[in-house]
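Chemist: Okay, handing you the structure first.
The values are calculated or read from the model by the stated rules, or taken from the named source; none is laboratory data. On a predicted model such as this, the values are computed, not experimentally measured, just so you know. Reconstructed Cβ throughout: ideal geometry from the backbone, glycine too, with neighbour counts over all protein chains shown. In case anyone asks, the SASA skips ligands and DNA or RNA and just uses the protein heavy atoms, side chains included. Shrake-Rupley method; radii C 1.70, N 1.55, O 1.52, S 1.80 Å.
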Amino acid sequence: RFNSKLLYILTQNLSSQSIGDKGYVPLYGNWQKEIEVDTMDVALYDSLKFSCFDKFVSGAIEKGCRVVIVSPPVFRKYSKDQYWQIEPYLRDKNVVFWDFRNDTTFTNHIGYFYDYVHLNHSGAEVFTNLVTDSLRLLLDN
């Protein structure tokens, strides 16, 4: 599949100019539309992507890394579990999985979103603190 941001990614990686603070580019502005409910019954499964994902996860585990997968918040509610196909794999590999898609910290606050899939700067700060605190708790145990 073609990634619509591919050209942007390539040009930013080839450019000598800085694009922000260690890769972070803050988005300013607020999403104005109401939250929608995603009723898609089945997430599309791509065996090639899963194979690459498995190689990455398995390689990290073999090197002694603790793998944590984070699904970031979006301004959309999901009526069904979109990750049902991968959750058994993650459990078998002892991978920590944090799904923030339906987290009300974000879905109840439209002011945290630039558009329905991107947090604005305020939302990114809240999310960063939440993930940082969660990682600290995980590493302390």
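Chemist: Estimate the FRET efficiency between I35 and I69 by the formula 1/(1 + (r/R0)^6), using the beta-carbon distance for r and 22 Å for R0, to the nearest 0.05. Walk me through the numbers on the way to the answer.
Modeler: On the way: r = 24 Å, r/R0 = 1.09.
Efficiency, rounded to the nearest 0.05: 0.35.
Chemist: With θ taken as phi - 60° and the coefficients 6.51, -1.76 and 1.60, list the Karplus ³J(HN,Hα) couplings across segment 50-65 in order, rounded to whole Hz; mark glycine and proline as x.
Modeler: Here the 3J(HN,Hα) series is 5, 4, 5, 4, 4, 4, 5, 4, 4, x, 5, 5, 4, 7, x, 7 Hz.
Chemist: For the pair Y24/N108, report the inter-label distance in nm, with labels modelled 7 Å from Cα in the Cβ direction.
Modeler: 2.5
Chemist: Note down the net charge around K33, summing +1 for each Lys or Arg and -1 for each Asp or Glu among other residues with Cβ under 12 Å from its Cβ. Each step should come with its number before you reach the end.
Modeler: Details: positive: R76; negative: E34, E36, D115.
Net of charged neighbours comes to -2.
Chemist: With an 8 Å Cα cut-off and a minimum separation of 6 or more residues, compute the relative contact order for segment 30-141 in percent. Don't jump to the answer; show the numbers that get you there.
Modeler: Values: 117 pairs, mean separation 35.5, N = 112.
Relative contact order here is 32 percent.
Chemist: Would you please put 130-136, 106-112 in order of how densely packed they are, using the mean number of other Cβ atoms within 10 angstrom per residue and starting with the highest? Let's see the in-between values first.
Modeler: Numbers: 130-136: 13.1, 106-112: 15.7.
Ranking, from highest mean packing down: 106-112, 130-136.
Chemist: Rounded to the nearest 0.05, what FRET efficiency do K49 and E125 have when you use their Cβ-Cβ distance and R0 = 30 Å?
Modeler: Values: r = 30 Å, r/R0 = 1.01.
Efficiency computed from Cβ-Cβ geometry: 0.50.
Chemist: At a Förster distance of 41 Å, what's the computed FRET efficiency of E62 paired with D133, Cβ-Cβ distance as r, to 0.05?
Modeler: Details: r = 29 Å, r/R0 = 0.70.
For R0 = 41 Å, the calculated efficiency reads 0.90.
Chemist: Whenever you get a sec, compute what percent of the accessible area on segment 57-96 sits on carbon and sulfur atoms (1.4 Å probe). Walk me through the numbers on the way to the answer.
Modeler: Details: 1200 of 2390 Å².
Result for segment 57-96: 50 percent of the exposed heavy-atom area is carbon or sulfur.
Chemist: Please enumerate, by chain and number, the lysines with C-alpha under 23 Å from the C-alpha of K77, excluding those fewer than 8 residues away in the same chain.
Modeler: By straight Cα distance, K77 reaches K33.
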